[in-house]
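Structure first, then comments.
The values are calculated or read from the model by the stated rules, or taken from the named source; none is laboratory data. Since we're looking at a predicted model, the values are computed, not measured. So basically every Cβ, Gly included, is an ideal-geometry build from the backbone, and we count neighbours across all protein chains shown. These area figures cover heavy atoms from the full protein model, side chains too; ligands, DNA and RNA do not enter into them. Shrake-Rupley method; radii C 1.70, N 1.55, O 1.52, S 1.80 Å.
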Number of protein chains: 2
Amino acid sequence: MLRYPGPADRTGSRRANLVLLLRTLREQGQVSRAQLAVHSGLSKATVSSLVGDLAQRGLVRPAGTTAGGQGRPGELVELRPSSACGVGLDLNVEHVGATVMDLTGEVLLRRQIACDVPASGPERVLDLLAEALAGVLGDVQARGGWVVGATVAVPGLVDTDGAVVRFAPRLRWREVALRNGLAARTGLALDFFGADNDANLAAIAEHHAGAAAGLDDFVYLTGDHGVGAGAFSRGELVRGHLGYAGEVGHMTLDPLGPWCSCGRRGCWETQVGLGALLHACATPDDPVRDPALDPDSRMALVRARAVSGDRRTLDALHQIGAALGAGVAVLVNLFNPAAVVLGGYFAALPEWLVEPVRSEVAARVLAEGAGGATIVASRLGFQAPATGGAAHALRRVLDDPATVPIEEHTEHTEGMVAP
Amino acid sequence: MLRYPGPADRTGSRRANLVLLLRTLREQGQVSRAQLAVHSGLSKATVSSLVGDLAQRGLVRPAGTTAGGQGRPGELVELRPSSACGVGLDLNVEHVGATVMDLTGEVLLRRQIACDVPASGPERVLDLLAEALAGVLGDVQARGGWVVGATVAVPGLVDTDGAVVRFAPRLRWREVALRNGLAARTGLALDFFGADNDANLAAIAEHHAGAAAGLDDFVYLTGDHGVGAGAFSRGELVRGHLGYAGEVGHMTLDPLGPWCSCGRRGCWETQVGLGALLHACATPDDPVRDPALDPDSRMALVRARAVSGDRRTLDALHQIGAALGAGVAVLVNLFNPAAVVLGGYFAALPEWLVEPVRSEVAARVLAEGAGGATIVASRLGFQAPATGGAAHALRRVLDDPATVPIEEHTEHTEGMVAP
DNA sequence: CCACTTCGTTGAGGAGCCGATCAAAAGTCG
DNA sequence: CGACTTTTGATCGGCTCCTCAACGAAGTGG
């Protein structure tokens, strides 16, 4: 019953209005104060004051004037690129990576460090993560920006507040104190760091500027050896009681199905995981099944065969697509999403997977027209989790611009009024 | 991307604080202004002003003084019973009903009108609903209260804004303009009326004062001929894009399972619906399967047999419980709820159903300890949907007490200060 | 009876928004 | 070309609503 836990913050309206302008600027690009006033419903006086505030914090800058039209031209304002940035840290089986996004939503840079993560053990991997982070911190500073936080995308269960990795079978991690480890290695504050499930962060990325942009209700599916889901409801992630929501890989869809590594039978990921795909479309000695190969190259190989019309590959994809659709239908019945975004390896083969999924869903969902759900492929592919991590880290600023200290940004704020 | 669609409401802090006090009063019962100030984090001055405001609207009243303790005794304040009320309207196969709840969460009265709903057709049923509503409106007025809204619990798909019943197979309804029909019959405003899926409203009821009280993340399961779910995430219902979320009854859990009335095989409700239970525990000529019998009596019969140790009944319940657990495990993996509340007929037989569900879930959920999910029976049983409808209608006041006009409530407001 | 404590009200002050007003910087038109 | 119109953005007074500090009120304990 604690919907409103704290006292209603008295400076809350100021913050909410700063957020409102920031969001408008991110959507519209360059806007004059007068346009901001109309779009936001605030008075011109208030908008002037708010824009001055944002300028003092270095978050916006002048951007010329409006052309044409009668009357005095407006002074355009835009988000300052390469100012406040968020970092998404990647934790994969064969590499770690860092992705930087700025306020405008632009991805500024990506770094990767190859590493056999399961073999190296958590301590060594945290060293590498800290190294990747330090690298991009330097790059961002060189561009005149600063980093407000970093979020790690973990292929496994992470506790609610993002401090500890509970269980990540693919990495062979269990109870790893991620946040403490990174804070100790970098000397940065604890609350600089967060962590979340890779499917959740990928969903954030698609929501931010991908296949689910602007959708309040959708489901993202990540496809790798395992299968995970990130679900948005009302524009927010469904996280669950302890943050473990979206564990779709081990739904039992067929009581008589194949055995799963988790010890049970008929788990969805035995039917649609990368293992199932490779098993269906390649013989054991096929180069596609070489474990040393990275996902992108594998998918390129499978793709090439599908394009060339290889019967075995096409049959395999159709079979996987149908099994995928059976599970997606469950998700659609449960969440009634506006879209289901197929990510991970699924996104590399949309021409052969999307259609079978679509028809299976149409046949299995109770609500007419699949309840309005469209099936689409991710636009961000394997980069979605890290991108989402960066977007998530940026939320600190986007949700409360007042956390950015007021400092000197004179070279960018000429002619902008202090409140 | 429209998280903040409107301008930040400038009077928002006032409203938020009124809501804060109202919620505190609902939880704590009788509280002094000083205690309210401490609990809410607001200043004593503000609390005095807000309480005066609520008193003028007739929502709170004096309730004596604090006993014992040093210093000046506090003047207790409490929510005024039988003041603002919400109505939940029930739409079942064999009756329609009305339930009234007041601000304190107390159910003031219930009315039922027997009626063969599928046979009567929507027009006749809307007449009866309007009649039931008119009856309780009178009763409430006689107690010095007033009704702020009514929400209809529909066993089927309702559109997002609660105006139209899209599809309710059990009622044989399709595209029924519920809101318009009720507004026309009663002369009340359109926005007086709402409608929602019965599982959603039952979940609201359990969240409000039932088995899921205070839980932000839980799933409610309704059990009747069909099976439906209402899921809470972050303290809010998961409704989905068009409001059709929670349609769990037709999840395909066994590709080779029995045929369902929807034309497919292996739907969950063929395994755990009331039909499956009766089929498993009674021969065709068993009186329990008499369609004229109401759900309560049926369950009483089955219950009596289970208590007496009837082997066939016990076997049937164990089989149903296991099948129920298989589906609940899917929900737990997806939503990671703090609790799964078994409602409808399941709630009438908890001694035999809860344990099989619990063990099945423990075996099938990936996260340790079922991700913290407990399995509990509903406390409200078949009354949950109507109760939730009333609670939902009350949200209008609880979310914005300022919608209640300031009128004369002098007999109750002596000594209470105007702002 | 008098300190002491706690409660609720009052008044001054500040944060923040809005409407009105005004100067500035264009186009438009006679 | 100069006056008029239009639009922008800053400024000012006023309003709402919160907080802090001070104060009288109403009890208890010595």
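Give the residues of region B:290-317 that are free of Cβ contacts under 8 Å to residues at least 60 places away in the same chain, within 17 Å of B:GLY344 (Cα to Cα) and in contact with a Leu (Cβ under 9 Å, 6 or more places away or on another chain), sorted by residue number.
B:LEU293, B:ARG298, B:MET299, B:LEU301, B:VAL302, B:ARG303, B:LEU317
Scan region A:143-156 residue by residue and report those that are within 21 Å of A:GLY97 (Cβ to Cβ) and of a type outside the set (D, E, K, R). Step through it out loud before you land on a result.
Of all residues in region A:143-156, those within 21 Å of A:GLY97 (Cβ to Cβ) come to A:143, A:145-156.
Selection gives A:GLY145, A:TRP146, A:VAL147, A:VAL148, A:GLY149, A:ALA150, A:THR151, A:VAL152, A:ALA153, A:VAL154, A:PRO155, A:GLY156.
Would you confirm whether any residue within region A:217-239 is more than 7 Å from chain B (Cβ to nearest Cβ), surrounded by fewer than 21 Cβ atoms within 10 Å (Cβ to Cβ) and either free of Cβ contacts under 8 Å to residues at least 40 places away in the same chain or farther than 25 Å from A:GLU94 by Cα (or both)?
no
Got a sec? Which of A:ALA199, A:ALA177 is within 9 Å of the chain's Cα centre (by Cα) and closer than 23 Å to A:GLU247 by Cα? Write out each step before concluding.
Details: A:ALA177 fails: within 9 Å of the chain's Cα centre (by Cα).
Exactly one residue qualifies, and that residue is A:ALA199.
Please state which one of A:GLY235, A:GLY223 is more than 13 Å from the chain's Cα centre (by Cα), at pLDDT below 95 and not assigned by TED's automatic domain parsing to the domain that holds A:LEU394.
Details: A:GLY235 fails: at pLDDT below 95.
Only one candidate passes the filter, namely A:GLY223.
Here is a check on your reading of the model: is A:ALA245 touching a residue at least 24 places away in the same chain (Cβ under 8 Å) and within 12 Å of chain B (Cβ to nearest Cβ)?
Numbers: touching a residue at least 24 places away in the same chain (Cβ under 8 Å): no; within 12 Å of chain B (Cβ to nearest Cβ): yes.
It is false that A:ALA245 is touching a residue at least 24 places away in the same chain (Cβ under 8 Å) and within 12 Å of chain B (Cβ to nearest Cβ).
Here's the yes/no breakdown for (1) within 9 Å of DNA strand D (Cβ to nearest atom); (2) of a type in the set (D, E, K, R):
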{"site": "B:VAL38", "(1), (2)": "no, no"}
{"site": "B:SER43", "(1), (2)": "yes, no"}
{"site": "B:THR46", "(1), (2)": "yes, no"}
{"site": "B:ARG61", "(1), (2)": "no, yes"}
{"site": "B:GLY74", "(1), (2)": "no, no"}
{"site": "B:VAL77", "(1), (2)": "no, no"}
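I'd like the residue in region B:248-263 that is open to solvent by less than 10 Å² (accessible area, probe 1.4 Å) and at the interface with chain A (Cβ under 7 Å from one of its Cβ atoms) and, out of all such residues, is modelled with the lowest pLDDT. Break it down into steps so the answer makes sense when it comes.
First, the residues of region B:248-263 that are open to solvent by less than 10 Å² (accessible area, probe 1.4 Å): B:248-249, B:251, B:257.
In the following step, the residues that additionally are at the interface with chain A (Cβ under 7 Å from one of its Cβ atoms) were identified as B:248, B:251.
Details: B:VAL248: 94, B:MET251: 90.
The qualifying residue modelled with the lowest pLDDT is B:MET251.
Within the group A:LEU103, A:LEU18, which residue is within 9 Å of DNA strand C (Cβ to nearest atom), touching a residue at least 12 places away in the same chain (Cβ under 8 Å) and open to solvent by less than 30 Å² (accessible area, probe 1.4 Å)?
Numbers: A:LEU103 fails: within 9 Å of DNA strand C (Cβ to nearest atom).
From the options A:LEU103, A:LEU18, the qualifying one is A:LEU18.
In region B:27-61, which residue that is closer than 25 Å to B:GLN141 by Cα and surrounded by fewer than 18 Cβ atoms within 10 Å (Cβ to Cβ) is nearest to DNA strand C (Cβ to nearest atom)? Quick ask: steps written out before the conclusion?
At the first step, the residues of region B:27-61 found to be closer than 25 Å to B:GLN141 by Cα are B:29-30, B:51-61.
Cutting the leftovers down to surrounded by fewer than 18 Cβ atoms within 10 Å (Cβ to Cβ) gives us B:29-30, B:52.
Numbers: B:GLY29: 15, B:GLN30: 11, B:GLY52: 7 Å.
Top of the filtered list is B:GLY52.
Which members of region B:28-42 meet the condition of being at the interface with chain A (Cβ under 9 Å from one of its Cβ atoms) and among the hydroxyl-bearing types (Ser, Thr, Tyr)?
Of region B:28-42, the ones at the interface with chain A (Cβ under 9 Å from one of its Cβ atoms) are B:40-42.
Passing the criteria: only B:SER40.
Each row is one residue, and each column tells you yes or no for (1) charged (D, E, K, R); (2) in contact with a helix residue (DSSP H, G or I) (Cβ under 7 Å, 6 or more places away or on another chain).
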residue: A:GLY12; (1), (2): no, yes
residue: A:ARG15; (1), (2): yes, yes
residue: A:LEU20; (1), (2): no, yes
residue: A:ARG26; (1), (2): yes, no
residue: A:ALA34; (1), (2): no, yes
residue: A:VAL51; (1), (2): no, yes
residue: A:ALA55; (1), (2): no, yes
residue: A:GLY74; (1), (2): no, yes
residue: A:CYS85; (1), (2): no, yes
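Could you list all residues from region B:40-64 that are hydroxyl-bearing (Ser, Thr, Tyr) and without any contact (Cβ under 8 Å) to a residue 24 or more places away in the chain? Break it down into steps so the answer makes sense when it comes.
So the first thing to find is which residues in region B:40-64 are hydroxyl-bearing (Ser, Thr, Tyr), and the list is B:40, B:43, B:46, B:48-49.
B:SER40, B:SER43, listed by residue number.
Given the conditions (1) polar (S, T, N, Q); (2) within 14 Å of another protein chain (Cβ to nearest Cβ); (3) within 19 Å of A:LEU242 (Cβ to Cβ), report the number of the one that A:THR151 does not fulfil.
All conditions are met except number (2).
Which of the residues spanning region B:302-312 are at pLDDT 90 or above and open to solvent by less than 10 Å² (accessible area, probe 1.4 Å)?
Passing the criteria: only B:ALA306.
Restricting to helices (runs of 4 or more DSSP H) lying wholly in region A:318-417: which have 1 or more residues that are modelled with pLDDT under 95 and farther than 30 Å from A:GLY52 by Cβ?
Details: elements: A:350-364, A:384-399, A:410-413.
Once the helices (runs of 4 or more DSSP H) in region A:318-417 are filtered for at least 1 residues that are modelled with pLDDT under 95 and farther than 30 Å from A:GLY52 by Cβ, what remains is A:350-364.
Within region A:286-310, which residues are out of contact with any Cys (no Cβ under 7 Å at 6 or more places or on another chain) and farther than 24 Å from A:ALA119 by Cβ?
Let us first name the residues in region A:286-310 that are out of contact with any Cys (no Cβ under 7 Å at 6 or more places or on another chain), namely A:286-301, A:303-310.
Of everything in region A:286-310, those that are out of contact with any Cys (no Cβ under 7 Å at 6 or more places or on another chain) and farther than 24 Å from A:ALA119 by Cβ turn out to be A:ASP286, A:ALA300, A:LEU301, A:ARG303, A:ALA304, A:ARG305, A:ALA306, A:VAL307, A:SER308, A:GLY309, A:ASP310.
Quickly run through region B:364-377 and pick out the residues that are surrounded by fewer than 22 Cβ atoms within 10 Å (Cβ to Cβ) and more than 8 Å from chain A (Cβ to nearest Cβ).
Across region B:364-377, the qualifying residues are B:GLY369, B:THR374, B:VAL376, B:ALA377.
Just to verify a result, which residue in region B:64-83, among those that are surrounded by 16 or more Cβ atoms within 10 Å (Cβ to Cβ) and among the hydrophobic types (A, V, I, L, M, F, W, C), is farthest from DNA strand C (Cβ to nearest atom)?
The residue in question is B:LEU79.
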